[in-house]
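Taking it in order: structure first as structure tokens, then the write-up.
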Amino acid sequence: MENPITIFTLPDELIFIVLKYNDIRDAINFSATCRHFHDLVKSNQSFWAYKFKRELPCVFEVADQYGSGIWLNELKTFLLQKQSIYKELLELSPRHYWKVGQFSLKDVVHFFKVSSTNNLGYYYTISILHNIIRTGYKNMVQYDTAKPYTLTEMHYAKCVLSHIIHCYLTVKWIKSQMIQETPPEIVLNFIVQWIDNENFHFFDDVENKLQIWADKVKVYLKNTHQDELTGSTDDEYTPAQIFSAVSTVLFNQNRMTMTTSANLDTLDVVKVLNNKVGNQIAVYAIYQAIASRCGAECELIVFVNHLFLEWRCYDNPRQPTIYKIQILTGELEANHRCPYVSSRFKYSADALLHSLHACFVKSLGPMQNWASANAADLLGFLGGTYTTPSAYDIFYQFFSGDIDLISLNSTLDIKNLSERELAIILSLVHVKIRMNRPLGKFQNKAVKISEAKQHDATVQYAVGMVCSHKDLEYLCIIHGWELSCNAEWRTRLTNDGQTTGFEQPYYNVVANDQTERYVAQENLVPVNRPNRLLHLEDLISKEFSHFDGFCYVMNEEKKKEYPEEGPIIEEHRKRCMTIENY
């Protein structure tokens, strides 16, 4: 009698083919069925590397480079960290919605601890939070959202990201400045990283992109001066030849253009070189970086509303000749300095950072979003000598104490942080700092659940509805109401032109221009076919979960404050559907 065919008689290759198309948890559960399959599945690192790459392609490359190489353990570490982050994130709204005061570093201590468990923990935490935000944006296009992909969880994910990334950048910047002046291209990448928390901006990407362009310049130099060369080294080109070649490659061959606008596209070195459009400061910094990689050192000198590239000729070491580079042509002209200016002013990374910040804020204008909030945190970071307080303005003082950053034998790579580096970053959680975040100012009211708003027949509109002002014609989102004008506002408002006066419902609204207004009911009309007001969502995200195609849906905490809005919303929704059908 032939032996019966069982799963134990199947070739290992066939078992792994089946497992490749199963969920990770199914594969782990299968390995727990018996000792044989446990040893078989656990020991196959190529299988787990395949599963890791398939399930987590966004972090696989970094895990492959800096991870332990034991892929099953690496996968478990990531999934456990993700589970812990999701659980804590879901608890932030119930914990902080009713709280007076701004969201601080101490409120995210759990995330710092989770990030400090291993060398990839920081990178994993940021990747997990990024995924929550990006998935949330994607789902909301279809009006489909579920925790943790709501506006509220995205709000807290951005809060956590801001603190996580800013603390890392704080240590990196101060350590770098203790050793030498940070190069302009790194300063550019630093400010983009600080402001744009929702994306990675690795310096490796900047370095690789600049080297590609430096290689283009070297090819141009070789082709142009081939008859003049006696060897093949870069040292045989004069600085004048290099500056001319950089100008030709950048502006003549590739049509690089400069703009006064300073945003996350025109300050990002990689995007500037891809799009061929950059802020003037960014283009000057790129020019300097490429020239330096080709063998011609020059300095970027930045003043308020003025900058230039300077090259010093040391043919006479005792009295070097100073030249200003015309970057459009590469020509050198003698730099005749004002006699009242110091004979030796030079490049300053701090001055460049302040200039970039000023340009960004000016270009952003009055817009309030996470970029403006992060920019506000940066102001005052350099020692806290400025009038607007920063969340991180005391960190320079903190690091001037007993913490020795210079001895850190690394460049603080966010993808691979040592145990000591993680401990130093974690220590920032316990520093007493001042907070001045502009976001969330509409929500910190400390309303008690017992004070839930009770409707009466006079209230016509509901929290979350999109309305329009009858006379001023601005769109707005209702985020609160009162049965009559409160005493504080009566001294600030006039009831001229109102038929009902102050004894009517008044609504707290976020207007289309991002201002908070207090409007009488008779001045509002509902919008029949409302659209998402994307530029207002950062301001209301602490209170609402998503836009459902007609109105913004309150989160659980907001519903406890306004429990009776549902019938009013449905009444208006049916009316609008009737109008559309008619």
>> Consider the stretch 154-183. How many of its residues are among the β-branched types (Val, Ile, Thr) and under 20 Å from Leu352 (Cα atoms)?
In response: 5
> Which one of these is surrounded by fewer than 18 Cβ atoms within 10 Å (Cβ to Cβ) and at pLDDT 90 or above: Glu297, Glu333?
Replying inline: Glu297
> Got at least one residue in the stretch 106-121 being modelled with pLDDT under 90, of a type in the set (Val, Ile, Thr) and either surrounded by fewer than 17 Cβ atoms within 10 Å (Cβ to Cβ) or not assigned by the TED database to the domain that holds Ile540 (or both)?
Replying inline: no
> What residue, among those in the stretch 169-189 that are open to solvent by 10 Å² or more (accessible area, probe 1.4 Å) and touching a Leu at 6+ places or on another chain (Cβ under 8 Å), is modelled with the lowest pLDDT?
Replying inline: Met178
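This table checks each residue for (1) among the charged types (D, E, K, R); (2) more than 14 Å from Leu352 (Cβ to Cβ).
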position: Leu250; (1), (2): no, yes
position: Ile281; (1), (2): no, no
position: Arg293; (1), (2): yes, yes
position: Glu297; (1), (2): yes, yes
position: Ile322; (1), (2): no, yes
position: Gly330; (1), (2): no, yes
> Among the residues of the stretch 487-509, is any open to solvent by 30 Å² or more (accessible area, probe 1.4 Å), under 36 Å from the mean Cα position of the chain (by Cα) and under 29 Å from Asn139 (Cα atoms)?
Replying inline: yes
> Conditions: (1) over 29 Å from Gly365 (Cβ atoms); (2) at pLDDT 95 or above. Asp548 meets all but one. Number of the miss?
Replying inline: (2)
>> I need the full set of residues from the stretch 239-260 which are over 17 Å from Ala296 (Cβ atoms) and open to solvent by less than 20 Å² (accessible area, probe 1.4 Å), in order please.
In response: Met256
>> Among the residues of the stretch 531-567, what is the count of those that are in a helix (DSSP H, G or I) and open to solvent by less than 20 Å² (accessible area, probe 1.4 Å)?
In response: 7
> For the stretch 245-332, which fully contained strands (runs of 3 or more DSSP E) count at least 1 residues that are in contact (Cβ under 8 Å) with a residue 40 or more places away in the chain?
Replying inline: 277-279, 299-303, 306-313, 321-326
> Is there any pair with a first residue in the stretch 123-143 that is at positive phi and a second that is of a type in the set (A, V, I, L, M, F, W, C) whose Cβ atoms are under 9 Å apart and which are 6 or more apart or on different chains, and what are they?
Replying inline: Tyr143/Phe547
> Listed residues Glu488, Glu556; which is touching a strand residue (DSSP E or B) at 6+ places or on another chain (Cβ under 9 Å), of a type in the set (D, E, K, R) and under 28 Å from Trp98 (Cβ atoms)?
Replying inline: Glu556
> Would the stretch 517-528 turn up any residue that is among the small types (Gly, Ala, Ser) and open to solvent by 20 Å² or more (accessible area, probe 1.4 Å)?
Replying inline: no
>> Is it the case, given these coordinates, that Thr125 is buried (at least 19 other Cβ atoms within 10 Å of the Cβ), hydroxyl-bearing (Ser, Thr, Tyr) and under 21 Å from Trp370 (Cα atoms)?
In response: yes
>> Is it the case, given these coordinates, that Lys147 is in a helix (DSSP H, G or I) and either open to solvent by 20 Å² or more (accessible area, probe 1.4 Å) or more than 25 Å from Asp26 (Cα to Cα) (or both)?
In response: no
> Yes or no: Gly464 modelled with pLDDT of 95 or more, out of contact with any Pro (no Cβ under 9 Å at 6 or more places or on another chain), crowded, with 19+ Cβ neighbours inside 10 Å and not acidic (Asp, Glu)?
Replying inline: yes
>> Any residue that is open to solvent by less than 40 Å² (accessible area, probe 1.4 Å) and at pLDDT 80 or above - is there at least one of those in the stretch 383-393?
In response: no
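The values are calculated or read from the model by the stated rules, or taken from the named source; none is laboratory data. Keep in mind it's a predicted model, so treat the numbers as computed, not measured. FYI the Cβ positions are ideal-geometry reconstructions off the backbone, even for glycines, and counts take in every protein chain you see. Accessible surface is based on the protein model in full, side chains and every heavy atom, while ligands, DNA and RNA are left aside. Shrake-Rupley method; radii C 1.70, N 1.55, O 1.52, S 1.80 Å.
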